[in-house]
Amino acid sequence: MSARHTEIAIIGGGLQGLSTALHLAQRGRRVLVIEAHHPGRFASGVNAGGVRRLGRDPAEIPLAMAASEMWHSIEDLVDDDCGFRAVGQLKIAEDDDDLRKLEARATMVRDLGYDHEEIIDQKQMRALAPGVHARAVGGLWCAGDGSADPMRTVQAFYRKVQKLGVDFNLGHGVSAIARTGTGWQLSIGDAQITSDIVINCAGAWGNKIAAMIGEEVPLETHALTMMVSERTPHFIDPVCGLASRKLSFKQTPEGTLLIGGAHLGYADRDAGVAEPDPIKMAISAKTVTEVFPHLTNVRIARAWAGLEGMTPDRLPIISPSKVDGSFFHAFGFSAHGFQLSPVVGRIMASLICDGTSNLPLHPFRIERFSDDKN
Amino acid sequence: MSEQACDVVVIGAGPAGMRAAVTAANEGLSVTLIDEQTEAGGQIYRAVARVARTRPADLTLLGPEYAAGGDIVLELDAADITVLHGHTVWQISQDGTVWCSDGTKAKSITARFVIMASGAQERPVPVPGWTLPGVMTAGAAQILLKSAAMVPDGPVALYGSGPLLLLVADQLLSAGADIRVVAETTTFKDYLNAAPHLLGALPASKYLKKGIALRRHLKAAGVPIIKAPNGVSIEGTERATGLRIIGKHGQTFEAETILLQQGVVPNTQASWQLRLDHAWHAAQHYWYPTTDRFGATSLANVFIAGDGAGIFGAEAAAAAGALAGLGVAHAAGNISAAARDQKALPFIALHKKAAAIRPLLDHLFPPPAHILVPDDATIICRCEEITAGQVRDAAKLGAPGPNQLKAFLRAGMGPCQGRMCGLSVVEIMARAHGKSPAEIGAYRIRPPLKPLSLAELAAMDDDTPTP
Ligand SMILES: Cc1cc2nc3c(=O)[nH]c(=O)nc-3n(C[C@H](O)[C@H](O)[C@H](O)COP(=O)(O)OP(=O)(O)OC[C@H]3O[C@@H](n4cnc5c(N)ncnc54)[C@H](O)[C@@H]3O)c2cc1C
Ligand SMILES: Cc1cc2nc3c(=O)[nH]c(=O)nc-3n(C[C@H](O)[C@H](O)[C@H](O)COP(=O)(O)OP(=O)(O)OC[C@H]3O[C@@H](n4cnc5c(N)ncnc54)[C@H](O)[C@@H]3O)c2cc1C
């Protein structure tokens, strides 16, 4: 029985895999996406949908800026607006120490040559976030940021790549990878697929795939907890965070409140299970009711957690493999890969088609972990 | 460290939970019994102690089965059990930590074993117009009667099938309601399918006799019991005004209150949330968690008793409760397997006797197709007002199962987490994809099992340990 052949195999049908498939297909490449479950089953489908440049690690700012531009015309890319709303993102200073911290951040970003993050005073902050407790003094504001609907985004990317002729192999994961004379052989259940080029977009499982070709990458699995409330009357537009406490907060167009903040639940990567921790739900509820006291009687309808791969420096791996030039990695997005996804695909397509990218990728190279050891 | 720790937490103070709690306590285990109701009794014996105390005459109209519940409640009162009434369980962790709230403050109780006895819920009956004011389930009307002595004003129509339909009609009639019609979905074919199970039901013939007596009593009072195999639609724009029978001789019955009843199904939100193994009941079209005769589940520290593990009725539920109490007592090391098996004998016999009627009932009162897979225009998800047609369309667009629906629709994403639409969604998607419900699967259920206010959550003590 001869193995099925494809030019490029992408392992993982999360947003990074789908976006990579999209850009490669647009550049005329034959692509097969291998997804163990269904597209968006994990982080990409269950995240908070935050489209945020605000507060990014300096290394990520160039990518986030490029991605932001793509979000503002996301319909051109995937024929759907993905529920993207440029409502802005706001980090609230709850006291003067917070404000000093945010001011230092704003200065640092400005010194790097960017002007997307600006300090706003108490009055401006209150106008953006009505109902915030009286002690809050100001904030750091990023207009043009916002949020999108994760599931809808996944569907839009999925539909678009199908339209572009990308093939899918759903329901079984890659269990082994072997080097062949001209490329790679991937084992998927009982079947084999051969491919000239392989791209590892396996999210929290990315280091398992890397290990299959002998590349060791430290990666932790986190279960990030989210809560959503019943519908409540509209009162706020921007996505809000806090300068020194864990919170990510927004009101959806339906009126539900979406509450996150990277509180950790229980993760079982092998079983594909993530569960919220009730204690963290309580901490999260306490934070929300302290920041927005008028919300105390709003009821939580559902909490969930999503699995995410976290690197030691909390930066993703976007890199050719160090063992072989026809193998590439894009995983470990460390809780903020949703916003980056449109540009990650473009970068991967450039790496493969042009051998280089015009964005600075040095901080994301896979070698950095072994470098550190030396 | 935890707020409270005990050997066993029992969830639900119906016949199964009360009996499980008493049995486990009698075997020397420390037991906490939690129920969201303010008094013990569960569905069938709801408020029985208070009714006996404050309006004893109503015991007669509610019937001897109801009055019998008073005995278990007395046993519960006499036993050394911590009872938390008015506490809703909103999450069960696999390690046996049970998270609940009294409506003002959430808390957790850590137990070596959990016995879930959270009973059944009525099967939602999505027919055209079922979301209009004036329409409710027969069980909801019964709850009002039991706990608040409330009887609907104005004309009443009932629709559906099964023992509870006739029971509620009869209880309401005795309480003075103006019942205009009982419309039944049962068909001649259902009788044929049920006939082979008649012999097996003889040990439980008292239930058969009761059903015949209810029917006779209703008819004697002049209540028409008619056949409505093709379904009904509910008339009215602002609120329900009548029940229209679909069919050649379709009539409309004037009614301000319309009560729907199409049997009860296990309340599986908590068992799904715990990711226990479940199976699909083909005749009655519901999920149930798989258990052994002691209620042991696929998780070693979690047991289930009563209608939550499959619909067998109150007497069987009480017996199953005793069996689960014994099962836990053995698992906890308090009694030997031989002692457990010995003590179990009478309860196994009781369960068998009470359950003997089920195959007959299951086949006589199957949920009809027009309720399982409603027509396109009928709403199935009440929280988000989503129709059966929208679910079909999403299936066609590629949603393989309930959990992928949310990429297309908000079905199941409202506050009830699919408690209302879950079975309809499974059934519709199974048909759309030509698969079995077991292949399609169920909604993933997440905490909280019932909505919980931010204030309640925020009030939870920090020192509760992370399990
Ligand atoms: C709760 C939560 C909230 C978040 N909020 C935000 C936010 O507001 N803003 C933001 O920018 N980011 C956010 N993130 C992060 C963001 O969701 C992720 O960084 C991003 O979705 C990662 O995409 P991915 O494609 O790398 O991973 P995934 O979506 O996890 O996709 C990886 C895929 O690989 C598949 N796979 C794994 N192993 C195999 C195998 N052996 N064979 C085949 N397939 C395999 C998996 O099934 C999976 O579908 C959040 C994450 C979570 C969990
Ligand atoms: C509305 C309704 C009315 C019924 N009426 C009758 C009747 O009149 N006659 C009859 O023979 N059968 C009736 N039944 C069938 C009934 O389910 C069984 O006969 C019997 O009550 C089953 O006993 P059980 O102990 O398994 O569950 P139940 O008696 O249902 O007891 C379950 C208990 O668990 C509690 N509970 C559930 N979830 C939670 C939670 N998350 N937190 C805390 N507590 C919780 C409930 O409050 C309830 O008290 C009725 C069923 C329903 C749904």
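Roughly how tilted is helix B:388-397, in degrees to the nearest 10 and between 0 and 90, from the longest Cα axis of chain B?
The angle comes out near 70 degrees.
For region A:220-310, what is Rg from Cα atoms divided by 2.2 N^0.38 Å, rounded to two decimals? Mind dumping the intermediate values first?
On the way: Rg = 13.3 Å, N = 91, 2.2 N^0.38 = 12.2 Å.
Computed over Cα atoms of region A:220-310, the ratio equals 1.09.
How many percent of all Cα-Cα pairs in region B:110-197 sit more than 21 Å apart?
Numbers: 1694 of 3828 pairs.
Tail of the P(r) past 21 Å holds 44 percent of the pairs.
With a bin width of 10 angstrom, please list the P(r) values of chain A as percents of all Cα-Cα pairs, from the 0 bin to the one holding the largest distance.
5, 24, 33, 24, 11, 3, 0, 0
In vacuo Debye scattering of region B:171-265, one point per C-alpha: log10 I(q)/I(0) at q = 0.15, 0.16 Å⁻¹?
Log-scaled intensity ratios, in q order: -0.75, -0.84.
For n ≥ 4 DSSP H runs only, could you compute -39500 (n - 2.57) per run for chain B, divide by its residues and tell me the 222 nm figure to the nearest 500?
Values: 18 runs with 174 residues, N = 467.
Calculated from helices alone, the mean residue ellipticity at 222 nm is -11000 deg cm²/dmol.
How much of the DSSP beta bridge set in the protein assembly as shown is antiparallel, as a percent to the nearest 5? Could the numbers behind the result be given before it?
Working: 78 of 136 bridges.
That works out to approximately 55 percent antiparallel.
Relative to the longest principal Cα axis of chain B, at what angle does helix B:337-355 sit, 0 to 90 degrees, rounded to 10?
10
For residue B:208 and residue B:195, compute 0.36 nm times the residue count separating them, minus their Cα-Cα distance, and round to one decimal in nm. Spell out each step's value before the answer.
Details: separation 13, 0.36 × 13 = 4.68 nm, distance 1.30 nm.
Answer, rounded to one decimal: 3.4 nm.
Just how far, in whole angstrom, is region A:1-74 from region B:104-121 if you go by their alpha carbon centroids?
Value for the Cα centre distance between the two parts: 42 Å.
Restricting to chain A, compute how many DSSP beta bridges are antiparallel as a %, nearest 5.
Approximately 70 percent, going by the DSSP bridge assignments.
Measure out, as a whole number of angstrom, how far apart the alpha-carbon centroids of region B:152-190 and region B:7-41 sit.
Using only Cα atoms to place each centre, the spacing works out to 33 Å.
Specify whether the C-alpha gyration tensor of the protein assembly as shown places it in the rounded, prolate or oblate class, a ≥ b ≥ c being the square roots of the eigenvalues: rounded for a/c under 1.5, otherwise prolate if a/b is larger than b/c and oblate if not.
Working: a/c = 1.87, a/b = 1.76, b/c = 1.06.
Because a/c hits 1.5 or more and a/b exceeds b/c, the protein assembly as shown counts as prolate.
With a 10 Å radius around each residue's Cβ, average the other Cβ atoms per peptide and rank A:62-69, B:179-186, highest first. Mind showing how you got there, number by number?
On the way: A:62-69: 19.5, B:179-186: 22.9.
Peptide ranking by packing, descending: B:179-186, A:62-69.
Rounded, prolate or oblate for region B:332-467? Axes are the square roots of the Cα gyration tensor eigenvalues, ordered a ≥ b ≥ c, and the cut-off for rounded is a/c under 1.5. Intermediate values should be presented prior to the final figure.
On the way: a/c = 2.54, a/b = 1.27, b/c = 2.01.
Oblate, since a/c reaches 1.5 and b/c is not below a/b.
Quote the convex hull volume per residue of region A:89-143, based on C-alpha atoms, as a whole number of Å³.
Values: hull volume 3.1 nm³, N = 55.
Cα convex hull per residue, to the nearest whole number: 57 Å³.
Would you calculate the separation in nanometres between label points at residue A:164 and residue B:249, each defined as 7 Å from the Cα along the Cα-to-beta-carbon direction?
That separation, rounded to one decimal, is 6.5 nm.
Report, as an integer, the average count of C-beta atoms from other chains found within 10 Å of each Cβ along A:60-67.
Details: counts 0, 0, 0, 0, 0, 0, 0, 0.
Mean shielding count: 0.
With the contact rule set at Cα under 8 Å and sequence spacing of 6 or more, what percent relative contact order holds for chain A? It would help to have the intermediate numbers written out before the result.
Values: 847 pairs, mean separation 84.8, N = 374.
Over chain A, the number comes to 23 percent.
Over region A:25-104, with a single point scatterer placed on each C-alpha, what log10 of the ratio I(q)/I(0) does the Debye formula yield at q = 0.11, 0.19 1/Å?
Cα-only, vacuum Debye calculation for region A:25-104: -0.48, -1.13.
Under the definition of Cα pairs under 8 Å and six or more residues apart, what whole-number percent is the relative contact order of region B:360-467? Let's see the in-between values first.
Values: 125 pairs, mean separation 24.8, N = 108.
Once normalised by length, the contact order is 23 percent.
Please work out, to two decimal places, the log10 of the ratio I(q)/I(0) at q = 0.10, 0.13, 0.23 Å⁻¹ from a Debye calculation in which every Cα of region B:296-404 carries one identical scatterer.
After summing over all Cα pairs, the log10 values are -0.53, -0.73, -1.16.
Provide the FRET efficiency to the nearest 0.05 for the residue B:220-residue A:294 pair, computing r from the beta carbons and using R0 = 60 Å.
Numbers: r = 58 Å, r/R0 = 0.97.
For residue B:220 and residue A:294, the calculated efficiency is 0.55.
Rg over Rh of region A:181-259, using C-alpha atoms and the Kirkwood radius, what does it come to?
On the way: Rg = 21.1 Å, Rh = 16.9 Å.
Here Rg/Rh amounts to 1.24.
When only Cα pairs under 8 Å and 6 or more residues apart are kept, what is the percent relative contact order across region A:220-310?
Values: 191 pairs, mean separation 37.8, N = 91.
Here the relative contact order equals 42 percent.
Need the list of lysines near residue B:210 for cross-linking: C-alpha distance under 30 angstrom, and skip anything on the same chain fewer than eight residues off.
Here the lysines satisfying the reach criterion relative to residue B:210 are B:146, B:189, B:219, B:227, B:352, B:353.
Okay, helix-only estimate at 222 nm for chain A: each DSSP H run of n ≥ 4 adds -39500 (n - 2.57), divide by all residues, round to 500 deg cm²/dmol; what do you get? Don't jump to the answer; show the numbers that get you there.
Details: 11 runs with 114 residues, N = 374.
Counting only the DSSP helices, I get -9000 deg cm²/dmol.
Considering chain A as a Gaussian network with a 10 Å cut-off on Cα pairs, which listed residue, A:320, A:233, A:278, attains the greatest mean-square fluctuation?
Highest fluctuation among the options: A:233.
In degrees between 0 and 90, to the nearest 10, how far off the longest principal axis of chain B does helix B:64-78 point, with axes built from Cα atoms?
Computed tilt is about 20 degrees.
Per the protein assembly as shown: cysteines with no other Cys C-beta under 4.7 angstrom?
Those would be A:82, A:142, A:201, A:240, A:353, B:6, B:100, B:383, B:416, since no other cysteine Cβ in the protein assembly as shown comes under 4.7 Å of theirs.
Could you identify which residue out of A:200, A:169, A:358 has the top mean-square fluctuation in a GNM of chain A using Cα springs shorter than 10 Å?
Maximum among the listed residues: A:358.
Once Rh is set to the Kirkwood radius over Cα pairs, what Stokes-Einstein translational diffusion coefficient, in µm²/s, holds for chain B at a temperature of 25 °C and a viscosity of 0.890 mPa s?
Details: Rh = 22.9 Å.
After rounding, the answer is 107 µm²/s.
Every read-out reported here was derived from the displayed coordinates using simple, explicitly stated rules and does not represent laboratory data. What you are looking at is a predicted structure, and each value in this text was computed from that prediction instead of being measured. Positions of Cβ are generated from backbone atoms using ideal geometry, with glycine treated the same way; all protein chains shown enter the neighbour counts.
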